[in-house]
Amino acid sequence: MADRTTDIDIGDEITLEITIVRMLDQERASCQIAGYDFPFSMRVPPKSKPGDHLELTREALRVDDDLGTVTVNVGYPITVRQASVGVTKAPSRKKPLRDKPT
């Protein structure tokens, strides 16, 4: 899991912790998202079983520092507590992606 921080901006990569509660059929499962207090159903990898932990990375759409929440899109927008998510920041590059013009 990425480092936990409350310094989240719009557009940051947010990592959600997901726990599989029960399998609904071969490819879908009822899941619990940390910081989100409602049931959630999603497609899971083959050979998943109840109790498995998954990580889902999405982009932050809205951040409310007063309430301590962040909104992400997982097919539809959901709002989770900032304390329960991880922020994934890409390391800075030493060499630019483009060559200098000649």
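I'm trying to understand the selection: among the residues of the range 27-42, which are surrounded by 12 or more Cβ atoms within 10 Å (Cβ to Cβ) and of a type outside the set (V, I, T)?
Filtering the range 27-42 for residues surrounded by 12 or more Cβ atoms within 10 Å (Cβ to Cβ) gives 27-36, 40-42.
E27, R28, A29, S30, C31, Q32, A34, G35, Y36, F40, S41, M42, listed by residue number.
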For the range 44-67, what are the residues that are open to solvent by 100 Å² or more (accessible area, probe 1.4 Å) and farther than 29 Å from D9 by Cβ? P46, K47, K49
Determine whether D99 is assigned to a loop (DSSP other than H, G, I, E, B), modelled with pLDDT under 90 and closer than 16 Å to E17 by Cβ. no
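The values are calculated or read from the model by the stated rules, or taken from the named source; none is laboratory data. The structure displayed is predicted, hence computed values, not measured ones. In this analysis, Cβ positions are derived from the backbone assuming ideal geometry, glycine residues included, and neighbour counts consider all displayed protein chains. SASA here: full protein model, heavy atoms, side chains in, ligands and nucleic acids out. Shrake-Rupley method; radii C 1.70, N 1.55, O 1.52, S 1.80 Å.
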